[in-house]
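> Can you read through this structure? Questions will come right after.
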Amino acid sequence: MLWVTAAVVTLGFLIALEIAARHYGLPGPIATQVQEVVFAPKSGFLLYASMGLMMVVLTWRQRFIAAGAAIGIDITFSLVRWAADVKVTEGHPFGNGALWVMLGCAVIAVTRRTGQERVLLLKGVGLGLLLVAGRKTGDTWLLITSKTRPAVLDQYVATADHALGNPSWLVGRIVTATGPVGARFLDYVYTQLAVAAVVVALYQLRNVAVERRFPGHHLVRTFLVIGLLGPGIYMIYPVVGPIFAYGADGGHWAVANLWPDTPPPIGTPHHMPFDEITPRNCMPSLHTAWATAIFIHSRKGPRILQFAGAFWLIATLGATLGFGYHYGADLVAGVVFTLTIEAALRSLERGWDRSGVQLVAYGATVFAALLVSYRYLSMEMAEHPWVFGPLLILAMTSVVYGYVRTTKLWEPKAGPARQPEPQPELV
């Protein structure tokens, strides 16, 4: 009943977003996903990564068959497009095969499986499709933020960011100095964040096919909850980012063309109108939130996975700041946002107790305090950076410390090894 309820709620949510998108004359998440059954998908890598998640419930023989079928379907689509002289101008020329295989597995689960085998296969398909739906849902949310929030709060966040030393301007100059090679490398890391998450999730779910059940908590759950709650904060706290509010990408809507060469001067901030195209997707930084989640969940993996998780977090932070997509204040809020969600999900899995409630309440309080301070104390923060800068870092560090300390207490402790009882010896 829990899975059925979750499926009904998810479907209702997608339908509501579809209606909202249609209101603005654009296709919603359901329509865009249906289009990718035939047309070139926006991200073929994401579809194959989603199929990889789905295959954790399959045997190795079934995985080879599924992968071969997906590749064969993509080759067929490519040949048909070539014969019909159809050029792929947007998206990727592959990925349809992965979507067809996931849909085919759903049909097989309903028509050819029974009992727990049917449930397990449907869970696997649902896991893969949810990752794709999350991407489509995010795109629709960004459209809604740009249409319903005509005024943005960038001047407040940029003013508050003086307390952190304007890190977006600093890192932006560093990335510019690296030239096209550095920018292209960071762009790849930034855009393929979901694929990195799938790699960590595949490690966590590697035993599902043998044990015939999913673990109580894994990265995909955190990823989806971050994507579900984050856009709601965008609606409350609309921010477009320094490259738009203070850079050339903002056009005549920008305050001035300052990013990344000249930090904005300290002045009384105001709400500022902006276009109906640019997403208000900065506060908090969800790329930082997702990269933090990847880092957390990679800690229990092998050393190479731990290294990859740390690398992806550092590179994502560099990209979010270096491309002018976020202020430093966004990143601080994103870390606190993730740790609070992760603590809540872990508490839900193991059962709520006093330590879990305290940790989640503290994280939520710090997150709310950050948003309020950015909005109402930005001038004080800019005028006293040596006071408020360390306070911001201290607030974030306190949540990190509380999470590490509390979750360490939750880890199962190995009992002492039993000593063999002395046996009488023959004399």
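> Amide H to amide H under 5 Å from VAL152: which residues, 5+ apart in sequence or cross-chain, H placed 1.01 Å off N in plane?
Placed amide hydrogens put MET272, PHE274 under 5 Å from VAL152.
> How compact and how long is the range 163-318, expressed as Rg and Dmax of its alpha-carbon atoms in Å?
Taking only Cα atoms of the range 163-318, I get Rg and Dmax of 18.6, 61 Å.
> Sequence gap at least 6, Cα distance under 8 Å: using those rules, report the relative contact order of the range 100-184 to the nearest whole percent.
Working: 21 pairs, mean separation 14.1, N = 85.
This gives 17 percent for the range 100-184.
> Classify the range 92-168 from the C-alpha gyration tensor, please: rounded if a/c falls under 1.5, else prolate or oblate depending on whether a/b exceeds b/c.
It comes out prolate by the Cα gyration axes.
> Counting pairs of Cα atoms in the range 234-279, how many percent are more than 14 Å apart? Present the calculation step by step, with values, prior to reporting the outcome.
Details: 507 of 1035 pairs.
Tail fraction, whole percent: 49.
> Roughly how far apart, in whole Å, are the Cα centres of the range 235-249 and the range 196-214?
The distance from the Cα centre of the range 235-249 to that of the range 196-214 comes to 38 Å.
> Could I ask something else about it? Apply the a/c threshold of 1.5 to the C-alpha gyration tensor of the range 1-133 and tell me whether it is rounded, prolate or oblate.
Values: a/c = 2.48, a/b = 1.10, b/c = 2.26.
Judged from the Cα gyration tensor, the range 1-133 comes out oblate (a/c at least 1.5, b/c at or above a/b).
> What shape does the range 154-212 take by its C-alpha gyration tensor, where a ≥ b ≥ c are the square roots of the eigenvalues and a/c under 1.5 counts as rounded, a/b above b/c as prolate, and the rest as oblate?
Numbers: a/c = 4.73, a/b = 2.03, b/c = 2.33.
Oblate, since a/c reaches 1.5 and b/c is not below a/b.
> Could I ask something else about it? Ranked highest first by the average count of other Cβ atoms within 10 Å around their residues, in what order do 228-238, 14-24 fall? Please report the intermediate quantities before stating the final value.
Working: 228-238: 17.3, 14-24: 15.5.
Put in order of decreasing packing, that is 228-238, 14-24.
> I would also like to ask the following. Over the chain, with the other protein chains present, what is the accessible area per residue in square angstrom, probe 1.4 angstrom?
On the way: 21970 Å² over 427 residues.
On a per-residue basis, 51 Å².
> Still on this model: Can you give the accessible area of PHE45 in Å² (nearest 10), computed on protein heavy atoms with a 1.4 Å probe?
The value for PHE45 is about 100 Å².
> Hey, what do the phi angles of the range 148-161 turn into as Karplus ³J(HN,Hα) couplings, whole Hz, using 6.51/-1.76/1.60 and θ = phi - 60°, x for Gly and Pro?
Running phi through 6.51 cos²θ - 1.76 cosθ + 1.60 with θ = phi - 60° gives 9, 10, x, 10, 10, 10, 4, 5, 5, 5, 5, 5, 5, 5 Hz.
> Given bins 10 angstrom wide, list per bin the percent of all Cα-Cα distances in the range 4-72, short to long.
The calculated distribution, bin by bin, is 17, 33, 34, 13, 2.
> Please compute the net charge surrounding GLU18, taking Lys and Arg as +1 and Asp and Glu as -1 over other residues with Cβ under 13 Å from its Cβ.
Numbers: positive: ARG22, LYS136; negative: ASP139.
Charge balance in the 13 Å sphere: +1.
> On to the next question. Just reorder TYR325, TYR374, TYR190, TYR362 by solvent-accessible area, largest first, 1.4 Å probe, all chains present. Walk me through the intermediate numbers first.
Values: TYR325 75, TYR374 0, TYR190 35, TYR362 100 Å².
Largest accessible area first, the list is TYR362, TYR325, TYR190, TYR374.
> Then there's this: Please state the relative contact order of the chain as a whole percent: Cα pairs under 8 Å, 6+ residues apart? Don't skip to the answer; put the middle values down first.
Working: 587 pairs, mean separation 77.9, N = 427.
Value for the chain: 18 percent.
> Moving on to the next point. Once the other residues with Cβ under 15 Å from the Cβ of LEU391 are scored (Lys, Arg +1; Asp, Glu -1), what is the net sum? Could the numbers behind the result be given before it?
On the way: positive: none; negative: ASP161, GLU380, GLU383.
Charge balance in the 15 Å sphere: -3.
> Can you work out ³J(HN,Hα) from phi for every residue in the range 353-367, in order, using Karplus 6.51 cos²θ - 1.76 cosθ + 1.60 and θ = phi - 60°, giving whole Hz and x for Gly and Pro?
Running phi through 6.51 cos²θ - 1.76 cosθ + 1.60 with θ = phi - 60° gives 9, 4, 5, x, 4, 5, 5, 5, 4, 5, x, 5, 5, 5, 4 Hz.
> Still on this structure, please answer the following. Tell me the Kirkwood hydrodynamic radius of the range 293-358 in angstroms, computed as one over the mean inverse distance between distinct C-alpha pairs. Let's see the in-between values first.
Values: mean 1/r = 0.0741 Å⁻¹.
Mean inverse Cα-Cα distance, inverted, gives 13.5 Å.
> Going toward the positive end of the dipole of the range 1-120, with +1 on Lys and Arg Cβ and -1 on Asp and Glu Cβ, which of ILE75, GLN116, MET102 do you reach last?
Checking the options against the dipole of the range 1-120, the answer is GLN116.
> Averaging over all projection directions, find the projected area of the Cα convex hull of the range 60-119 and quote it in nm² with one decimal place.
Dividing the Cα hull surface by four gives the mean projection, 5.1 nm².
> Please compute the net charge surrounding LEU228, taking Lys and Arg as +1 and Asp and Glu as -1 over other residues with Cβ under 15 Å from its Cβ. Don't skip to the end; give the middle numbers.
Values: positive: ARG135, LYS136, ARG221; negative: ASP139, GLU342.
Its environment carries a net charge of +1.
> Taking 28 Å as the cut-off for C-alpha to C-alpha distance, list the pairs among LYS87/LYS147; LYS123/LYS147; LYS42/LYS123 that go past it. Spell out each step's value before the answer.
Working: LYS87/LYS147 31 Å; LYS123/LYS147 35 Å; LYS42/LYS123 24 Å.
With Cα atoms farther than 28 Å apart: LYS87/LYS147; LYS123/LYS147.
> Using the Kirkwood radius built from alpha carbon pairs, what does the Stokes-Einstein equation give as D for the chain at 10 °C and 1.306 mPa s, in µm² per second?
Numbers: Rh = 23.5 Å.
Here the translational diffusion coefficient equals 68 µm²/s.
> A further question on this structure: Take ASP85 and ARG299, extend 7 Å from each Cα along the Cα→Cβ direction, and tell me the distance between the two endpoints in nm.
5.9
> Please list log₁₀ I(q)/I(0) at q = 0.10, 0.13, 0.14, 0.18 Å⁻¹ for the range 100-234, using the Debye equation with identical point scatterers on the alpha-carbon positions.
At q = 0.10, 0.13, 0.14, 0.18 Å⁻¹ the computed log10 ratios are -0.56, -0.83, -0.91, -1.18.
> Where the only charges are on Cβ atoms (+1 Lys, Arg; -1 Asp, Glu), what is the dipole of the chain about its Cα centre, to the nearest 20 debye? Spell out each step's value before the answer.
On the way: 32 positive and 24 negative charges, 283 e Å.
About 1360 debye.
> Got a sec to turn the phi values of the range 207-223 into Karplus ³J(HN,Hα) couplings, 6.51 cos²θ - 1.76 cosθ + 1.60 with θ = phi - 60°, whole Hz, x for Gly and Pro?
9, 4, 5, 7, 7, 6, 7, 8, x, x, 9, 8, 4, 4, 4, 5, 4
The values are calculated or read from the model by the stated rules, or taken from the named source; none is laboratory data. Only a predicted model underlies this, so the values are computations on that prediction, with no experimental measurement involved. Here the Cβ is made from the backbone with ideal geometry for all residues, glycine too, and neighbour counts use every protein chain on show. The protein model used for the area step is the full one, side chains on, heavy atoms only, and it has no ligands, DNA or RNA in it. Shrake-Rupley method; radii C 1.70, N 1.55, O 1.52, S 1.80 Å.
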